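**Q** Please see the structure below; I have some questions.
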Amino acid sequence: MKTIKTKFSLCGVIAFAAITVFLIAGCNINVSTSSGTSDPKTPVAGDFTVGNLTQYADNVIAVTVEPKSGKSGGTVTVYYDGAISLPQGVGTYAVTFNVAKADGWNAATGLSGGTLTVIPPVEPVDSLEEAAAYLSEADGGESAEDAVYLLVKIDLEDMTDGDSGWQQLLDAIADADKFITLDLSLCEMDGTEFDPVSSISTGKDKIVSITLPAAVESIASGNSSYPAFKNFDNLEIVNGASVTSIGDCAFAKCSSLTEVSFPLAESIGTAAFADCSSLTEASFPLAESIGSSAFANCSSLTKANFPLAESIGIGAFLLCSSLTEASFPLAESIGIGAFYGCSSLTEVSFPASAYIDGNPFIGCTALVSINLTGNGGLSVTANGKALVKDVTGGKELIAYLSAAGSISMDDIISIGIGAFRDCSSLTEANFPLAESISFGAFRDCSSLTEASFPLAESIGGFAFLACSSLSSITIAADCDIDSNAQIRGDFSDYYDSQSKAAGTYTYNGSAWEGP
């Protein structure tokens, strides 16, 4: 029985990839704002974080049930196999809980909190020799599901030293050839950074769960080829009770990782959890910054709870195809493509004061609601479909979601990066005051036939890539058209041949004409 579930580097390549991939996928999104008074909601089990589910028989304490941000604050009562009293015997106990009625919330009963596992008291092994002997004699460990629990109390020393306590412990684990749940919480070590040494593989594939030493305050950075936790091929659970900083590429490519607990983490580095395809939930109650590509390709991630996050990096949740909701009540900035390809995302909440420079929601085909909180430069118009921000002299269109048919906006002076990306039902676009059309603004709008920007001064790269139906475009004189704007046919050359004259240009099926 598994007893516990408990330098700038090449990661920059992954961050850059987030920007690159952002340019090559599409969006079909719907944005709305919420207003008015709604009926009370009913809590569900997923609204709460449950803790203390594995304990020792000599020291059983209450299972904790804490509401996630924005969920019911009603009083919680916990039951163990239907009883309110704490169990003391070794075994497993079904945890359920009731939630009392609260403002805006109904009461709920019988919510599932998982299983409390009470294991026999374990004395720590305090030498490498004892650890080796313990593993040799221990039952189980033939599979990850039957991992041996190992509580050690040794000095890990300088973990990067080949003769360190850490590397000798890995040797002992490899020699035992048993899957283990490794508890290092009582260990001493040099410094406060946990660096498992990515260049070595010995014993790491046998560690199913790891609890870090109490002294650890940060996780070392790695790179895309050598993440800090490279070779932890079967690692499912990581607990770092005192960790405040998680380095670049720390857990990248840990494809078996399902659960992480870093209750004090304040910063999450670039690509820290990239390609952790089994990770289902990310809850970092104190995190203030989320690095670029931090959770990229976490395809099993369903929820992201960051109540204190102020910055969300470029491609932070790139291709998190199972992500359904994300809440960032204190967000000050959201990077381009932050939620690129999050095809299951239905709800996002962030302040109207957040800074956004380019569409974060490319490819969010299920998005039906964006909740803007408070006051600020962001707003929605066009019946809730257009996300815009105030700029000097007017407004910039950040995203027009589920754009279809003919769109005309007379207060937009700038069309942002990827604003209409992959809006395949858009047929006409009329922006009489628009002065700039940014990179990829209309890319993959395959049904777009007419585009009118009579005051346009610049058109960015890939702005009209794959707009294969475009047959009419109206622009100003002397418009600066990027050499890679990809306007149908040889438009740029023809525009130059007409001395960049203002007017309406038409495509006759083989060549441009006019104005």
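Every number here is computed from the coordinates shown, using simple stated rules; none is lab data. Fair warning: this is a prediction, and the values are worked out from it, not measured in the lab. Cβ atoms come from the backbone with ideal geometry, glycine included; neighbour counts cover every protein chain shown.
**Q** Taking the Cβ of each residue in ARG421, ARG443 as the centre, tally the other Cβ atoms inside 10 Å and list the residues starting with the fewest. Each step should come with its number before you reach the end.
**A** On the way: ARG421 30, ARG443 27.
Least to most surrounded, the residues fall as ARG443, ARG421.
**Q** Report the calculated FRET efficiency for SER402 and SER322 (r = Cβ-Cβ distance, R0 = 30 Å), to the nearest 0.05.
**A** Values: r = 22 Å, r/R0 = 0.72.
Given R0 = 30 Å and the Cβ-Cβ separation, E is 0.90.
**Q** Can you tell me what share of the DSSP beta bridges in region 412-513 is antiparallel? A percent to the nearest 5 is fine. Walk me through the numbers on the way to the answer.
**A** Working: 6 of 19 bridges.
Rounded to the nearest five, the antiparallel share is 30 percent.
**Q** Would you please give the residues with an amide H less than 5 Å from that of ALA252, counting only those at least 5 places away or on a separate chain, with H modeled from the backbone geometry?
**A** Distant-sequence amide H within range of ALA252: ALA228, PHE229, ALA274.
**Q** Could you list which residues have their amide H under 5 Å from that of LYS385, counting only those 5 or more apart in sequence or on another chain, with H placed in the peptide plane?
**A** Close amide H contacts, sequence-distant or interchain: none at all.
**Q** Got a sec to turn the phi values of region 240-250 into Karplus ³J(HN,Hα) couplings, 6.51 cos²θ - 1.76 cosθ + 1.60 with θ = phi - 60°, whole Hz, x for Gly and Pro?
**A** Listing the rounded values in order: x, 4, 10, 6, 10, 9, 10, x, 4, 6, 4 Hz.
**Q** Turning to a different aspect of this structure: What percentages make up the Cα-Cα pair-distance distribution of region 333-464 when the bins are 10 Å wide from 0?
**A** 13, 49, 33, 5
**Q** Regarding region 410-515, what are the three Cα extents along the principal axes, ordered largest first, in Å?
**A** 30, 27, 23
**Q** Answer with one residue from ASN239, GLY89, ALA352: the one whose Cα lies farthest towards the positive end of the charge dipole of the chain, charges on Cβ with Lys, Arg +1 and Asp, Glu -1.
**A** Projecting each Cα onto the dipole axis, the largest value belongs to ALA352.
**Q** Here's another thing I want to ask about it. Computed over the Cα atoms of region 252-348, what is the convex hull's projected area averaged over all directions, in nm²? Before the final figure, lay out each step's value.
**A** On the way: hull surface 18.8 nm².
The Cα convex hull of region 252-348, projected and averaged over all directions, gives 4.7 nm².
**Q** Something else: Taking θ as phi - 60°, what are the ³J(HN,Hα) couplings along region 307-316 by the Karplus curve (6.51, -1.76, 1.60), each to the nearest whole Hz, with x for Gly and Pro?
**A** Couplings: x, 10, 5, 9, 10, 10, x, 4, x, 4 Hz.
**Q** How high is the FRET efficiency between THR280 and SER497 when r is their beta carbon distance and R₀ equals 45 Å, given to the nearest 0.05? Walk me through the numbers before you get to the answer.
**A** Working: r = 58 Å, r/R0 = 1.28.
According to the calculation, E is roughly 0.20.
**Q** Step through the residues of region 75-91 one at a time and calculate ³J(HN,Hα) from phi using the Karplus curve (6.51 cos²θ - 1.76 cosθ + 1.60, θ = phi - 60°), rounding each to whole Hz and writing x for Gly and Pro.
**A** Running phi through 6.51 cos²θ - 1.76 cosθ + 1.60 with θ = phi - 60° gives 4, 9, 10, 9, 10, 10, 6, x, 9, 7, 6, 6, x, 10, x, 4, x Hz.
**Q** Further question: What does the helix-only formula give at 222 nm for the chain: each DSSP H stretch with n ≥ 4 adding -39500 (n - 2.57), the total divided by the residues, and the result rounded to the nearest 500 deg cm²/dmol? Don't skip to the answer; put the middle values down first.
**A** Values: 4 runs with 41 residues, N = 515.
For the chain, the value works out to -2500 deg cm²/dmol.
**Q** Grab the eigenvalues of the alpha-carbon gyration tensor for region 45-119, scale each by 5, take roots, and send me the semi-axes largest first in whole angstrom.
**A** Working: eigenvalues 118, 26, 16 Å².
That gives 24, 11, 9 Å for the three semi-axes.
**Q** Taking a temperature of 10 °C and a viscosity of 1.306 mPa s, what whole-number D in µm²/s does Stokes-Einstein yield for the chain with Rh from Kirkwood over alpha carbon pairs? Can you show the working numbers first?
**A** Details: Rh = 25.3 Å.
For the chosen part, D equals 63 µm²/s.
**Q** Let me ask another. Considering only Cα-Cα distances, which of the following residue pairs are longer than 19 Å: LYS68/LYS101; LYS101/LYS303; LYS206/LYS230? Walk me through the numbers before you get to the answer.
**A** On the way: LYS68/LYS101 16 Å; LYS101/LYS303 24 Å; LYS206/LYS230 13 Å.
Checking Cα-Cα distances, LYS101/LYS303 exceed 19 Å.
**Q** Compute from the Cα atoms of region 130-205 the Rg and the Dmax, the latter being the longest Cα-Cα distance, and quote both in angstrom.
**A** 12.2, 35
**Q** Continuing with this model, one more query. Please sort 170-182, 401-413, 245-257 by packing, taking for each peptide the average over its residues of neighbouring beta carbons within 10 angstrom, highest first. Each step should come with its number before you reach the end.
**A** Working: 170-182: 20.1, 401-413: 16.8, 245-257: 25.6.
Ranking, from highest mean packing down: 245-257, 170-182, 401-413.
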